[in-house]
Every structure is written in structure tokens, then in C-alpha cells.
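The values are calculated or read from the model by the stated rules, or taken from the named source; none is laboratory data. In this text, all values refer to a predicted model and were calculated from it rather than measured experimentally. Every residue, glycine among them, receives a Cβ derived from its backbone with ideal geometry; neighbour counts consider all protein chains shown. Side chains included, ligands, DNA and RNA excluded: accessible areas come from the protein's heavy atoms. Shrake-Rupley method; radii C 1.70, N 1.55, O 1.52, S 1.80 Å.
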Amino acid sequence: MTSSLHRTLAALALLAVTSTATAQPGAATDTLRLAGLHAPVEILQDTLGINHIYAANEHDLFFAQGYAAARDRMFQLEMWRRQATGTVAELLGPREVERDAGVRLFRFRGDMQGELAHYHPRGAAIVQAFVDGVNARVAEVRSGRAPRPVELELLGTMPGLWTPEVVVSRHQGLVGNATQELQYGRAVAAAGAQALLDVAGFGPGTPQVALDSALDVRVLAADVLAPYRAFRAPLRFQAADLAVGMRDADGAYARLAAAADSLELERRWRDRTEEGSNNWVVSAGRTRHGRPMMANDPHRALGVPALRSWVHLVAPGWNVIGGGEPAIPGVSIGHNEHGAWGLTVFNTDGEDLYVYRTDPADPARYWYQGRWEPMRVVWDTIAVKGAAPVVVAHRYTRHGPVVYADTALRAAVAMRAAWMEPGGAPYLASLRMDQARTWAEFREASRWFNLPGENMVWADTSGTIGWQAVGLAPVRRNWSGLVPVPGDGRYEWSGYLPMLEKPSAVNPAEGFIVTANNDVLPPGYQHRDAVGWQWSDPYRAQRIREVLAAGRDFTVQDMAQLQTDYTSLPARQLVPLLKAVRGADARSEAVRRTLLAWDQRLEPDSRGAALYAAWSRALVDSTERRVIPAAVREHVRGAPLSVVVGWLVTPSPKLGANPRLARDSMVVRALAQAVAELTERFGADTTAWRYGDERFKHVRIQHAMSGVVSDSLRARLDLGPLPRGGDGNTPGATGSSAGNQAHGATFRIAVDVGDWDTALGTQSPGMSGDPASPHYRDLFESWAKDGFFPVAYSRGAVERMVERRTVLVAP
């Protein structure tokens with residue numbers, strides 16, 4: 001084991017017995033000399049680990065943001081860089097060649113100067129300054145002047161240098177529906193269009209999902225999206241990847257086997273929703289202090305470090321604080337001196353699959369508008385650790401990258417993706433929003449926000465609240481975009497919907513605006529075919545609206561409480577079904593009575609919540625098996641929960657000849673199944689059953705290398721388990737897999753607009769990705785208990801929380 005790794009592990013051991021740092025007003029100042037700066041920069045890191053960066057000019061501000069991000073998140077940024085550039089196989093060997101090939105196939109190959117100018121008038125300079133700052137830290141690590149992250153030490157590698165192309169990579173974005181489009185196409189091919197429409201819950205209207213008769217459905221059965229799935233898949237490490245003797249192989253492989261054994265449990269127990277978000281703005285007339293408020297909690301997959309992190313950027317023309325992805329300059333969600341804003345996904349369909357007939361004499365030609373057209377070919381070479389380089393040919397049609405070809409069927413499939421257009425780097429156009437001073441300026445900034453599709457909400461010091469949907473929306477004149485189509489020229493995009501023709505609102509009479517990935521299209525909206533048909537269930541939005549509509553004296557603390565609200569609206573609809581039945585035995589009857597008396601809140605310490613979760617899952621699963629044809633279930637995971645609840649509350653004829661009798665019978669059987677499951681998990685004493693039990697609903701966040709390192713190091717990399725409440729349909733969204741929270745909000749913000757120092761936030765597990773930092777896990781327990789922290793903004797408030805001062809100066 002190397003001496004530097006010994007030092008890193010010693011630091012980790014020390015952190016295990018030290019407490020969270022407290023404010024140190026007299027904290028010593030470190031001075032670092034970095035080439036590339038124009039003037040000194042202060043980085044004040046507060047007791048939460050938030051970097052408050054004060055610069056004399058814009059260049060130095062973003063240079064320092066890049067440097068600070070790399071200092072805190074070097075391993076995360078290095079993995080980002082390798083995924084963005086398609087160089088993972090160079091580190092992890094042949095198994096990653098497919099990933100690298102996929103990344104390079106979907107690489108943005110347009111004009112880079114025009115691309116960078118899209119995000120901000122000075123986008124090229126801002127991104128280059130950020131990249132130079134990242135590289136300044138990379139140089140320190142590579143030269144030994146700064147420690148190498150323990151993960152890179154274990155992998156036997158050094159961080160690489162960044163370029164602007166890394167920043168504008170599309171590999172990490174929420175980009176579209178290609179996977180569902182393929183699955184829908186397979187379902188229609190197997191069972192017909194109506195079978196899909198019956199279960200998919202596309203909302204008002206009836207989208208066209210029938211397959212074109214010219215499409216060879218045999219192609220859809222193939223692994224059409226392998227390159228797309230490969231480049232979007234999370235990194236998985238293996239024991240053989242480690243370059244030093246830190247692994248206890250028996251334990252590592254035993255854990256991997258245990259993970260495989262848990263797959264069946266995961267299939268049985270997965271929340272009905274996964275990634276999503278909530279945001280809302282409230283007018284001044286509904287708040288205690290007469291100022292508007294903004295609240296946002298974006299939901300993404302949980303990880304360590306988290307996807308997002310807080311930062312505060314101050315320079316002439318800039319004074320913005322909030323959250324963003326550490327690999328991107330600027331702030332995506334937060335506030336400046338004039339207003340606050342947040343985002344949730346607005347489900348815009350920006351991907352389509354085209355199936356071509358190829359030339360029997362030359363499979364690199366495809367039939368388009370009555371003639372054979374050649375594919376464009378780009379040759380590439382992928383370096384591979386422990387093996388010879390792999391030469392690949394990337395093929396493109398006029399629609400986009402070719403993801404699949406079958407010479408026997410004389411067919412090929414390509415994807416057209418809005419995110420491959422200029423300006424498609426996710427969230428980077430937030431740079432324009434960071435400087436908005438008014439609603440009009442914020443809407444203008446929204447015009448440049450191409451990806452992903454988002455609901456942007458705004459509240460400002462003038463009292464204005466507003467909402468603008470953003471994201472490139474292809475205009476389809478003759479099809480819905482929900483299933484694959486022939487690529488023969490009959491199905492073409494007619495440009496993009498002008499951004500400001502997407503839905504919007506300003507100062508509505510009801511005094512608030514709420515979005516939560518639900519269908520927010522106004523009645524009669526004319527462009528539904530452009531924006532798409534797929535939305536999350538309405539429950540989170542309905543609950544938030546319910547609370548906001550009932551009050552007029554809200555505080556920022558009320559906003560935080562609503563962000564962690566565990567009231568279940570599906571439970572309100574399903575639990576009353578128990579009134580018409582009796583349990584099949586004494587234990588089931590006791591469970592029924594408990595559920596009828598339960599408050600329908602999924603609190604961690606609630607017995608009723610555990611009973612409801614087990615019962616409702618059994619009921620929903622049995623309903624889907626009865627109603628959804630097997631040929632559809634094979635391709636579509638299930639119906640939206642709101643659709644299933646509808647089948648049960650008003651018994652659907654699909655349930656059987658006597659729908660009500662069939663429904664009641666399933667309700668009773670589900671009670672028995674719930675009792676059996678909970679008895680197996682917790683034992684026979686029903687009074688000890690709790691929703692937040694480690695064996696039921698909890699959060700355990702595992703580091704990407706957790707499965708391949710020693711037990712002692714894993715204990716310092718992983719977090720939890722801790723009890724959790726909620727599910728994927730409560731405002732406090734905690735989507736789970738096998739009982740472990742896998743999705744939800746790690747970053748939250750609630751702002752009383754104008755009283756900036758009273759803003760509240762969360763972050764989990766900490767601001768830093770370095771296990772040797774005190775800010776790696778210091779916020780995890782508070783977050784798991786739904787705690788919030790104050791977010792200092794004014795210089796005086798920041799100074800009172802300073803823990804570490806760093807001054808960056810030129811040599």
C-alpha cells in the first residue's frame with residue numbers, strides 16, 4: 001500500500017471520531033498561488049461546507065468555481081470527464097468499450113464557439129475559465145502538491161485535464177423517452193394499439209400509437225438501444241479494477257452475490273415513481289411577511305457524493321447562490337439579489353426512433369424519399385486497458401446516430417434527439433438566469449434553455465411570481481412520437497415549438513403556482529403533440545396545491561415543512577375500500593381496522609404506514625396482473641398508479657364479470673398477503689411493525705466502489721441505514737427499490753424573497769465528495785430526519801459562519 005494511501009486512510013480514521021466543525025470567526029487564511037488568475041479571489045467555506053466565492057471580475061469568479069469544485073469533488077469530476085469523453089475503457093478495460101462507443105456515437109460534433117455562445121453571451125470565456133480552474137486543481141494533484149482522492153489511489157490513476165467539450169457533454173442529462181418509445185412499440189406489436197392506450201395513462205386526448213404498416217416489427221424485438229443504454233448507465237466497479245491491495249475479495253464477491261439474490265425482492269417492491277421534482281411559488285398576499293416565496297426540491301437518484309452541490313458566486317454583475325452540478329459553471333436553482341427560481345422536469349418528448357430499409361447490396365445505404373441515401377461514417381479508436389485499441393465506425397443518417405443494424409432483416413435504426421442540437425447541454429443556460437433581475441429578463445433567459453424540458457418558476461422582489469415551461473419541443477405534424485416510425489421521409493419534425501409558446505403563467509388569481517412533473521398543460525392547449533403525452537401521477541402536485549390553497553399566512557418554515565410532507569393521497573382513495581370488506585382471519589381483520597383508523601401519513605414511526613405500504617403493493621400488483629394483458633406487461637412495467645387506483649375506486653369491467661365483487665375479493669387477499677409479508681419481515685408481534693424499520697423503509701447510500709473495497713474503508717464511504725418516511729407519491733418524495741430510498745431530494749431550497757438570509761436548504765450527505773473531508777457526511781443524519789439549515793447570503797451572515805478561508809492569487 002502506498003504512503004499517500006496510508007495518509008488518506010489515517011485521515012479517514014481521524015474523521016470517524018471528530019465532530020462536525022463549528023463556526024470559527026478567526027479561522028486562519030490559506031493563500032494559494034495559481035497561474036491564470038487576474039486578481040485575488042476569496043473562497044470562504046462555511047461550517048456547512050458551502051463555498052462562497054468573492055472575485056473582482058467574471059473570469060476569476062468562474063476560474064475559482066472550477067477550482068473549488070475540483071477540490072471538493074475530484075473523483076466525481078474525473079468519472080464525469082471519462083464518461084463525457086468516452087475514455088472509461090482506458091481505465092476499466094474491455095467491458096467499458098460499449099459505453100465509450102456509445103458516448104462517442106452521440107457526441108456533439110457541431111461548432112463549438114456557437115455552442116458555447118448559446119449558454120451566455122460570454123459563454124466561451126466563462127466555460128474556459130471554469131475549465132482552467134478545474135485544471136489548476138488537477139495540476140496540483142498530478143504534481144503531488146495536493147492529495148490524490150482515495151478512489152483514484154485505489155484505481156491507480158491520476159485525474160485528467162478538462163476541455164470545454166467536457167462541460168457541454170450530454171451524457172448526464174434527463175433527455176427523453178427513447179427507451180419507453182421502444183417498449184411501447186413492442187407492446188403495440190404484441191397486443192395492438194388499444195391495449196397500450198388502455199394502460200398507459202397518456203392523459204386527455206388519444207395519441208396515435210398504431211405502428212405504420214411499412215415498419216418491420218421484427219426489428220423492434222432486437223436490442224435496438226444497446227449503445228444508448230450503455231453510455232447512460234452508471235459506472236460499476238469490480239474488484240479487479242483496484243490497483244492496490246485494499247480489497248477483501250471473499251467479502252466483496254459475497255456482497256455481489258447478495259445483491260443478485262435481492263433482485264427478486266426488488267421486483268416485488270419498487271415504488272410506482274422514481275425521479276421527479278416539486279416546485280412552487282407563492283404570492284405576497286399569501287405570506288406572513290408580505291413577500292413572495294419560492295420552494296424547489298429536485299429529485300434524482302441518490303448517491304455519494306450527491307449529483308448537486310451548493311455554491312455562492314459573487315463578482316461584478318453576479319451575486320447568486322444555490323445548487324448546481326459541480327461539473328457545470330453557474331447555479332441552476334437558487335436566487336440572486338432580485339429573484340429566486342427553481343425547476344422541475346416538464347416531460348418533453350425530444351427523442352424519436354426511425355427504422356429504415358437498407359440496401360441489400362450496401363447496408364450503409366437507407367431508403368429515403370424514393371432513393372438510396374448513404375450513411376455518413378466517422379471512424380474512431382478507443383483505447384482499452386489491458387487490450388488492443390478497438391476501432392469503431394460511427395454511422396449517421398440524416399436523422400441522427402445509427403444505434404442498430406441488421407443485415408439479415410435489411411434494416412437499421414437511428415435516433416433523432418433534440419439534445420444533439422446546439423445548446424443541448426443540460427442546465428448550462430442557467431448562466432443567463434443567474435443574472436435575471438425581472439420576470440421579463442427571466443423569460444428571455446428561458447428562451448435559451450434547450451435541455452432538459454423544465455418547469456421554471458420565478459418570484460422576485462417586485463412581488464411577481466411566474467412560470468415558464470422550457471426545453472426543445474419537436475413539432476410533429478402527423479404522429480405522436482410515442483412509437484418508432486419508418487425513416488423513409490414521411491415522418492419528419494417541422495422544426496421546434498418557439499420556446500415562449502410553451503405554457504406559462506404570471507401572477508395567477510389563486511396566488512400560487514405548483515408543478516411536480518404532472519400534466520400542467522392548460523385546457524385546450526394547442527401544442528400537446530409537440531410537448532408529449534407522458535406525465536407523472538398527479539398526487540404530489542395535488543397535495544401541494546391542497547396545502548397552499550388552504551392558507552394565507554405562510555412562512556419559509558411552512559414551505560420547508562411542505563417539502564417533507566408525507567401525506568399520501570393514494571391512501572385516501574384506497575383505504576376506504578376496506579370499509580366494504582372484512583379480513584379473512586383475525587389478524588387480517590385487525591390490520592383492516594388499524595388501516596381505517598390510520599391518518600394516511602407515511603411517517604417513519606407509523607405502524608399504519610407499514611401496513612398500508614404492504615397492502616397497497618399487493619393490491620396494485622394483483623390488479624395489474626388481472627387487467628393488463630400479459631403481452632403488454634412483458635414490455636410495459638405497469639400502469640401509472642392513478643390509472644390503477646381508478647380501476648379500483650370505480651370498479652372497472654376489466655376486473656371481471658362482477659367488477660365490485662372481484663375488487664373486494666382482491667382487497668381481502670391483499671390484506672392476507674400484507675400480514676404474511678410483514679410477519680416474515682418483523683415477526684408476529686404486530687405492535688412492533690414500523691414503516692421506517694431498517695428491514696422495510698430506510699436509506700442507505702452506497703459509494704460507487706462500496707462493493708469492492710475492504711470493510712473498514714466501506715464503513716467510511718457508505719452511509720446509513722437510517723429510517724425514512726414517504727414514498728414516490730408524497731411531496732416528501734422517497735422513491736424506493738427493495739425498501740431502500742433510491743430517489744428523492746438531496747438538495748432543497750425554500751426562499752422568502754428579499755429576506756435572503758432566512759432561506760433554508762438541505763444537502764445530503766454533505767458538500768464534499770472527499771471521504772477525508774468533514775463535509776463528506778456531516779449533513780446526512782439531519783437530512784434523513786428532514787432537517788434544514790440556514791443559507792447565508794449577505795457578507796455579514798457568511799462571515800459569521802466561516803470555517804475555512806482560502807485566498808487565490810496569481811504567482
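Starting from the 7 Å offset along Cα-to-Cβ, what nm value, one decimal, do you get for the label separation of Arg800 and Ala226?
6.1
Once amide H atoms are built 1.01 Å from N in the peptide plane, which residues 5 or more positions from Val802, or in another chain, come under 5 Å H to H?
Distant-sequence amide H within range of Val802: Gln24.
Please calculate how many Å² of accessible area the chain carries per residue, with a 1.4 Å probe and no DNA, RNA or ligand atoms counted.
The answer is 37 Å² per residue.
For Leu500 and Val391, FRET efficiency with R0 = 60 Å and r from the beta-carbon atoms, rounded to 0.05?
The pair Val391/Leu500 has a calculated efficiency of 0.85.
Order Thr206, Thr762 by their accessible area, 1.4 angstrom probe, all chains in place, largest first.
Thr206, Thr762
Hey, for a label at Thr461 modelled as a point 7 Å past Cα toward Cβ, could you say which residues of the stretch 394-434 have their backbone N under 17 Å away?
Of the residues in the stretch 394-434, 434 have backbone N under 17 Å from the label point off Thr461.
Simple spin-label model, 7 Å along Cα-to-Cβ: Arg593 to Arg122 in nm?
For the pair Arg593/Arg122, the computed spacing is 7.2 nm.
Need the full-extension length gain, Ser782 to Ser710, defined as separation in residues times 0.36 nm minus the C-alpha distance. One decimal, nm.
Length gained, Ser782 through Ser710: 23.2 nm.
Which ³J(HN,Hα) values in Hz, rounded to whole numbers, follow from the phi angles of the stretch 599-612 under the Karplus curve 6.51 cos²θ - 1.76 cosθ + 1.60, where θ = phi - 60° and Gly and Pro get x?
Running phi through 6.51 cos²θ - 1.76 cosθ + 1.60 with θ = phi - 60° gives 8, 6, 10, 8, 7, x, 8, 8, 6, x, 5, 5, 4, 5 Hz.
Tally up the carbon and sulfur contribution to the accessible surface of the chain as a whole percent, 1.4 Å probe, everything protein left in place.
52
Go through 576-587, 69-80 and give me the packing order, highest mean Cβ count within 10 Å leading.
Result, highest mean first: 69-80, 576-587.
Output the peptides 160-171, 460-471 sorted from most to least packed, where packing is the average of other Cβ atoms within 10 Å over each peptide's residues.
460-471, 160-171
Report Rg (one decimal) and Dmax (nearest whole number) for the stretch 751-811, counting Cα atoms only, units Å.
14.1, 46
Probe 1.4 Å, all protein chains in place: accessible area of Arg690 in Å², nearest 10?
Its accessible surface works out to 90 Å², give or take rounding.
Rounded, prolate or oblate: which fits the chain, taking a ≥ b ≥ c as square roots of the Cα gyration tensor eigenvalues, rounded meaning a/c under 1.5, else prolate when a/b beats b/c?
rounded
Keeping all protein chains in the complex and leaving out DNA, RNA and ligands, what accessible area do you get for Leu409 with a 1.4 Å probe, in Å² to the nearest 10?
40
Measuring from a point 7 Å past the Cα of Arg477 along Cα-to-C-beta, which residues in the stretch 372-401 have an amide N at less than 18 Å?
399
Highest mean first, how do 113-125, 444-456 rank when packing is the count of other Cβ atoms within 10 Å averaged over residues?
Ranking, from highest mean packing down: 444-456, 113-125.
Using a 1.4 angstrom probe on the protein heavy atoms only, could you order Glu634, Glu589, Glu799 from most to least accessible area?
Final ranking, largest accessible area leading: Glu634, Glu799, Glu589.
Starting at the first residue of the stretch 494-504, write each ³J(HN,Hα) from the Karplus equation 6.51 cos²θ - 1.76 cosθ + 1.60 with θ = phi - 60°, in whole Hz, x for Gly and Pro.
For the stretch 494-504, the Karplus curve yields 9, x, 10, 4, x, 3, 7, 8, 6, x, 7 Hz.
Which FRET efficiency value, to the nearest 0.05, is calculated for Asp755 and Arg447 with the Förster distance at 30 angstrom and r the Cβ-Cβ distance?
0.50
If R₀ is 22 angstrom, what is the calculated FRET efficiency for the pair Arg490 and Asp359, using the beta carbon separation as r and rounding to 0.05?
0.70
Starting from the Cα of Lys785, draw a straight line to each of the lysines and keep only those under 30 Å, dropping any in the same chain fewer than 8 residues away.
Lys697
What shape does the stretch 299-424 have by the C-alpha gyration tensor, where a ≥ b ≥ c are the square roots of the eigenvalues, rounded means a/c under 1.5, and otherwise prolate means a/b greater than b/c and oblate the rest?
Prolate shape, in that a/c is at least 1.5 and a/b is the bigger ratio.
In nanometres, what is the gap between the two model label sites at Arg145 and Val807, each 7 Å from Cα along Cα-to-Cβ?
1.7
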